[in-house]
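**Student:** For reference, the structure I am asking about is given below.
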Amino acid sequence: MKLTIAHLKKGQSAVIKGFSTDVIPIKLLELGCLPGNQVELLQIAPFKDPLYLNINGSFLTIRRATALEIEIDMIKENDSL
Amino acid sequence: MDIQTILVYIIVLLAFGYLVLKYAFPKALAAILGKKGSSSCGGNDCNGCH
Amino acid sequence: MSKQINVALIGNPNTGKTSIFNALTGLNQRVGNYPGITVEKKEGLCKLSRGIKAHIIDLPGTYSLNATSLDENIVIELLLNKNDKNYPDVAVVISDVENLKRNLLLFTQIKDLKIPAILVINMADRMKRKGISLDIEHLEKELHTKIAVISTRKNTGIDELKELITNYRELPTEQCIDISTIDPEYFGGLQNAFPNQNLYKLWLVITQDVNFVNLDRKLVDDTSAFSTKSESELKKMQHQETVKRYQFINKVLQGGYIIDATSAKGLRASFDRILTHKVWGYVVFFLIMLLIFQAIYEWSSYPMDYIDSLFASFSEWASNTLPPGTLTDLIAEGIIPGLGGIVIFIPQIAFLFLFIAILEESGYMSRVVFLMDKIMRKFGLSGKSVIPLISGTACAIPAVMATRNIDNWKERLITILVTPFVTCAARLPVYLIIIALVIPDEEFLGMNLQGLTLMAMYVLGFLTAVFSAWALNKVLRVKSRSFFVVEMPNYKVPLLKNVVITVVEKTKSFVFGAGKIILAISIILWFLATNGPRDTFHNAESIVNAQPESQTLTEDELATNINSYKLRNSYIGIAGHAIEPVITPLGYDWKIGIALISSFAAREVFVGTLATIYSVGSEEEDTIKNRMAQEINPETGQPVFNLATGISLLLFYAFAMQCMSTIAIVKRETNGWKWPIYQLVFMTGFAYITALIAYQLLK
């Protein structure tokens with residue numbers, strides 16, 4: 001199974017790998033959601049949606065449906081140091 | 001008719017004319033009041049002209 | 001040299017653009033509209049040195065030149081059209097020191113259009129707390145620009161910015177990105193076809209789904225040949241462009257922008273922990289709303305009582321001092337109470353806008369969007385619908401326009417349709433006076449009962465909006481897809497100047513916009529109430545005197561009888577009696593009926609109308625509230641404004657669509673009469689039925 005932002009737990013970080021769809025809104029990219037950038041899940045709203053993220057220093061909220069389209073690589077605890 | 005009554009009629013007509021223009025012909029009203037058509041109804045600058 | 005420089009302020013949302021605009025122009029600004037569309041256009045004048053003036057346009061906030069909304073289209077339409085009279089000589093791009101990387105994306109795009117651009121790095125006062133240090137010289141060199149570091153909070157850097165604007169001719173116009181590197185073959189062909197055009201401009205014309213009304217039509221048509229690439233290919237190239245821009249920005253910032261992470265970590269995390277918490281978040285939201293309504297009710301009651309009695313004594317003074325005659329009557333009974341009906345609402349409206357401005361400025365509004373999105377979606381709305389629904393408490397018109405940033409058409413349409421249920425400022429005066437009359441002024445659980453009732457009315461409006469949204473979501477068959485991205489701005493203490501300007505502007509536009517209508521209606525009503533068509537009106541005195549029971553009355557009682565007989569036979573009395581059969585089941589008498597009819601022009605006219613009708617009918621001058629309290633139903637001998645009638649009226653005003661301007665704006669935003677007519681029929685019908693049920697149960 002592919003890992004996406006929607007699979008992160010609160011407080012976890014990861015690196016954006018790519019998108020599983022072509023129709024990722026350009027606005028999201030412009031706000032810094034680009035492959036290679038780090039993403040941290042800051043908060044999950046009640047009822048598990050939407051998600052509050054810190055992507056590369058930008059603080060955004062996206063819906064779970066969008067988050068499922070953004071693939072990630074987990075950062076291993078040891079590597080991050 | 002005394003002068004007061006005549007003035008009353010003028011004021012009432014002015015008020016009536018204003019309302020008619022405001023709701024039926026907002027553009028004409030803007031022209032009369034010398035505005036640049038920006039404050040017609042429904043404009044974003046309108047914050048309460050119900 | 002007395003040339004005027006055209007300056008455009010451009011920047012991402014939440015970068016403090018408005019603060020800079022206010023700092024440059026002060027109160028020397030004008031808010032209007034772009035022709036044909038209802039996007040706010042803010043312009044102002046700023047005096048520079050050596051007698052030069054700058055004409056400053058505050059463009060809508062945008063993240064990039066790839067427009068996705070009507071507001072953003074404005075920005076690129078202006079920047080691509082050199083013939084526009086507002087085409088900027090210089091662009092001032094505002095960035096926020098904490099989000100510099102993202103803000104620079106837009107900056108590089110503007111540079112690539114070869115428009116002279118100054119970079120403003122705003123909110124410099126936060127640098128130290130966030131551990132940020134800047135190498136301005138390095139940044140200026142790499143970005144080919146001049147930089148002004150500003151703190152509107154500390155009031156530093158504005159003079160430097162003015163100086164840079166004055167000398168805008170010295171700005172370099174090098175581009176940041178060579179867009180042709182994305183696809184040399186494609187862009188090479190494009191440049192060959194249009195050797196005289198800026199390549200990035202051509203690219204924007206091709207990729208943007210904007211109706212370039214004012215732009216060179218020929219250019220648009222000619223470039224259409226280059227749209228042959230499939231939409232997804234163009235999209236991919238836009239993605240590559242964005243990646244390229246970020247690569248450039250990262251390289252630039254490496255040498256000039258350092259964040260010491262150890263000293264960072266601000267208030268955001270700790271505030272968010274509470275304000276977006278799944279329990280505390282809602283508790284705080286509810287408490288804030290409660291505070292607002294208690295404040296509007298409690299605090300503003302003092303100036304309101306004062307204004308009310310002031311106008312009553314002013315009326316009395318006028319009728320005693322001026323020479324007797326009809327004009328004096330008009331002034332004392334029509335104009336002065338009419339003016340009072342406007343001025344009395346200033347305190348509440350100012351308070352309401354004060355709170356809305358603070359919520360927006362502080363960054364709290366986005367947290368509410370985050371908290372509410374999932375819940376709202378169950379009702380077919382979006383988290384972003386919360387902003388229209390909250391600003392609907394001021395006025396449905398700006399609220400309907402605020403739905404524009406909802407990307408999904410169905411969610412947007414539903415929001416537009418239900419927003420008028422939200423209790424707007426125009427309903428407030430009606431609620432206040434009826435609550436004051438029928439709800440006892442007692443404490444309940446430590447809260448003022450009247451304040452609680454007012455809060456309940458707001459909750460009712462909000463719930464009705466939400467549940468009709470739910471019903472519409474089931475009924476409507478509208479297809480649309482969308483995405484949802486909301487920025488969560490930093491928390492900020494609202495700038496006093498911004499808040500004050502908002503409150504002053506909004507209050508002023510209420511007084512001079514709605515005020516004129518209220519006054520005109522008061523005058524006409526007075527006239528209709530003091531004139532009548534038949535002999536029964538003109539001979540009122542002799543008819544009443546001839547009645548057998550009149551012989552036993554005192555002089556005062558007789559005068560009152562004559563007055564009410566006259567009123568009943570005036571134009572307005574005749575009209576009121578004509579509609580009585582329709583409104584009697586709701587518990588209203590014909591006087592309330594008249595107020596109801598005039599309310600269709602504007603709800604807040606209700607109070608002024610009753611004030612005028614009652615003041616014509618009575619001998620001495622009194623406050624509006626006292627007059628209404630004294631009205632007695634001749635059949636039952638009970639006060640007209642009892643609990644049943646009061647609740648029935650509250651419900652009618654809560655649900656009925658009584659606002660011509662809202663109908664007009666809904667027509668505009670939905671492109672046709674279909675939706676506003678549904679709204680009018682459904683809302684007013686619903687209002688009638690609920691008011692009917694309430695009165696019949698309570699009486």
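**Student:** Report the residue, chosen from A:I55, A:I24, A:I16, that carries the largest GNM mean-square fluctuation when chain A is represented by alpha-carbon nodes joined by springs under 10 Å.
**Tutor:** Top of the fluctuation ranking is A:I24.
**Student:** List the lysines whose Cα sits under 19 Å from the Cα of C:K625, skipping any in the same chain fewer than 8 residues away.
**Tutor:** The reachable lysines, counting only those whose Cα sits under 19 Å from C:K625, are C:K591.
**Student:** Would you work out the relative contact order for chain C, in percent, from Cα pairs under 8 angstrom that are 6 or more residues apart? Each step should come with its number before you reach the end.
**Tutor:** On the way: 1040 pairs, mean separation 73.8, N = 699.
Computed value for chain C: 11 percent relative contact order.
**Student:** Given an 8 Å cut-off on Cα distances and at least 6 residues of separation, report the relative contact order of segment C:4-261 as a percent.
**Tutor:** About 20 percent, as a whole number.
**Student:** Translational diffusion coefficient, Stokes-Einstein: compute it for segment C:269-389 using the Kirkwood radius over C-alpha pairs as Rh, at 4 °C and 1.567 mPa s, and state it as an integer in µm² s⁻¹. Spell out each step's value before the answer.
**Tutor:** Working: Rh = 17.7 Å.
In µm²/s, the coefficient rounds to 73.
**Student:** Run the accessible area of segment C:4-261 with a 1.4 Å probe and give the carbon-and-sulfur part as a rounded percent.
**Tutor:** C and S fraction of accessible area: 47 percent.
**Student:** A follow-up question, please. Report the one residue of C:L105, C:Q630, C:S366 whose Cα lies farthest in the direction of the positive end of the charge dipole of the protein assembly as shown (charges on C-beta: Lys and Arg +1, Asp and Glu -1; origin at the Cα centre).
**Tutor:** The Cα lying farthest towards the positive end belongs to C:L105.
**Student:** How large is the accessible surface of B:F25 in square angstrom, using a 1.4 angstrom probe and rounding to the nearest 10?
**Tutor:** Accessible surface of B:F25 is approximately 120 Å².
**Student:** Can you list the aspartates and glutamates whose alpha carbon sits under 17 Å from that of C:K374, skipping same-chain ones fewer than 8 residues off?
**Tutor:** Within reach: A:D49, C:D407, C:E411, C:E487.
**Student:** Also, I was wondering about something else. Between the alpha-carbon centers of segment C:470-542 and segment C:131-171, tell me the distance in whole angstrom.
**Tutor:** Each part reduced to its Cα centre gives a spacing of 42 Å.
**Student:** Using protein heavy atoms only (no ligands, DNA or RNA), what is the total accessible area buried between C and A, 1.4 Å probe, nearest 100 Å²?
**Tutor:** For C against A, buried area totals roughly 3200 Å².
**Student:** Determine, from the Cβ-Cβ distance of C:Y491 and C:H577 and an R0 of 60 Å, the FRET efficiency 1/(1 + (r/R0)^6), rounded to the nearest 0.05.
**Tutor:** Calculated transfer efficiency: 0.55.
**Student:** What dipole magnitude, in Debye to the nearest 20, does segment A:5-74 give about its Cα centre under +1 on Lys/Arg Cβ and -1 on Asp/Glu Cβ?
**Tutor:** For segment A:5-74, the charge dipole is close to 260 debye.
**Student:** OK, next. Taking the alpha carbon gyration tensor of segment C:509-592, what are the square roots of 5 times its eigenvalues, largest first, to the nearest whole Å?
**Tutor:** 30, 17, 13
**Student:** I would also like to ask the following. So what's the Cα pair-distance distribution over chain C, bin width 20 Å, in %?
**Tutor:** Each 20 Å bin holds this share of Cα pairs: 15, 42, 29, 12, 2, 0.
**Student:** Pairs of Cα atoms under 8 Å, at least six residues apart: use those to get the relative contact order of segment C:550-699, whole percent.
**Tutor:** Numbers: 154 pairs, mean separation 34.6, N = 150.
It rounds to 23 percent for segment C:550-699.
**Student:** If you don't mind, another one. Once both axes come from the Cα atoms, what is the angle between helix C:70-80 and the longest principal axis of chain C, in degrees from 0 to 90, rounded to 10?
**Tutor:** Rounded to the nearest ten degrees, it is 40.
**Student:** Over the protein assembly as shown, with the other protein chains present, what is the accessible area per residue in square angstrom, probe 1.4 angstrom?
**Tutor:** 43
**Student:** Taking only Cα atoms, what is the 0 to 90° angle, nearest 10, from helix C:660-670's long axis to the longest principal axis of chain C?
**Tutor:** Approximately 30 degrees, to the nearest ten.
**Student:** If you don't mind, there's one more thing I want to ask. Kindly compute the accessible surface that chains C and B hide from a 1.4 Å probe when together, both sides summed, and give it to the nearest 100 Å².
**Tutor:** The contact between B and C buries close to 2900 Å².
**Student:** Provide the FRET efficiency to the nearest 0.05 for the C:D159-C:D84 pair, computing r from the beta carbons and using R0 = 35 Å.
**Tutor:** Efficiency at R0 = 35 Å is approximately 0.75.
**Student:** Still on this structure: Which of A:V39, A:V23, A:V15 moves most in a GNM of chain A, Cα contacts under 10 Å?
**Tutor:** Highest fluctuation of the listed residues: A:V23.
**Student:** Further question: Which residues of segment C:498-530 end up with at least 50 Å² less accessible area in the presence of all protein chains than when their chain stands alone, using a 1.4 Å probe?
**Tutor:** C:K516, C:I517, C:I524, C:F527
**Student:** Still on this structure, please answer the following. Where does the protein assembly as shown land at 222 nm, in deg cm²/dmol rounded to the nearest 500, when only DSSP H runs of n ≥ 4 count, each adding -39500 (n - 2.57), divided by all residues?
**Tutor:** Calculated mean residue ellipticity at 222 nm is -16500 deg cm²/dmol.
**Student:** Same structure again: Would you be so kind as to identify which of C:L45, C:M237, C:I136 lies farthest towards the positive end of the dipole of the protein assembly as shown, taking Lys and Arg as +1 and Asp and Glu as -1 on Cβ and the Cα centre as origin?
**Tutor:** The one lying farthest along the dipole's positive direction is C:M237.
**Student:** If you take the square roots of the eigenvalues of the alpha-carbon gyration tensor of the protein assembly as shown and sort them as a ≥ b ≥ c, do you get rounded (a/c under 1.5), prolate (a/b over b/c) or oblate? Don't skip to the answer; put the middle values down first.
**Tutor:** Details: a/c = 2.32, a/b = 1.90, b/c = 1.22.
Verdict is prolate for the protein assembly as shown.
**Student:** Does any residue of segment A:58-75 lose at least 10 Å² of accessible area with all protein chains in place compared with its chain alone, and if so which ones (probe 1.4 Å)?
**Tutor:** A:S58, A:F59, A:L60, A:T61, A:I62, A:R63, A:T66
**Student:** Quick check on my link table: of C:K162/C:K244; C:K516/C:K566; A:K48/C:K278; A:K10/C:K251; C:K82/C:K244, which ones sit more than 21 Å apart, alpha carbon to alpha carbon? Present the calculation step by step, with values, prior to reporting the outcome.
**Tutor:** On the way: C:K162/C:K244 32 Å; C:K516/C:K566 28 Å; A:K48/C:K278 10 Å; A:K10/C:K251 31 Å; C:K82/C:K244 27 Å.
Over 21 Å apart, Cα to Cα: C:K162/C:K244; C:K516/C:K566; A:K10/C:K251; C:K82/C:K244.
**Student:** If I fit a long axis through the Cα atoms of helix C:449-475 and take the longest principal axis of the Cα atoms of chain C, what angle between them do I get, 0 to 90°, rounded to 10?
**Tutor:** Orientation of helix C:449-475: about 60 degrees from the principal axis.
The values are calculated or read from the model by the stated rules, or taken from the named source; none is laboratory data. Every value quoted in this text rests on a predicted model; they were computed, and no experiment measured them. Using ideal geometry, Cβ is built from the backbone for each residue, glycine included, and neighbour counts are taken over all protein chains shown. Protein only, heavy atoms only, side chains kept; ligands, DNA and RNA dropped before computing areas. Shrake-Rupley method; radii C 1.70, N 1.55, O 1.52, S 1.80 Å.
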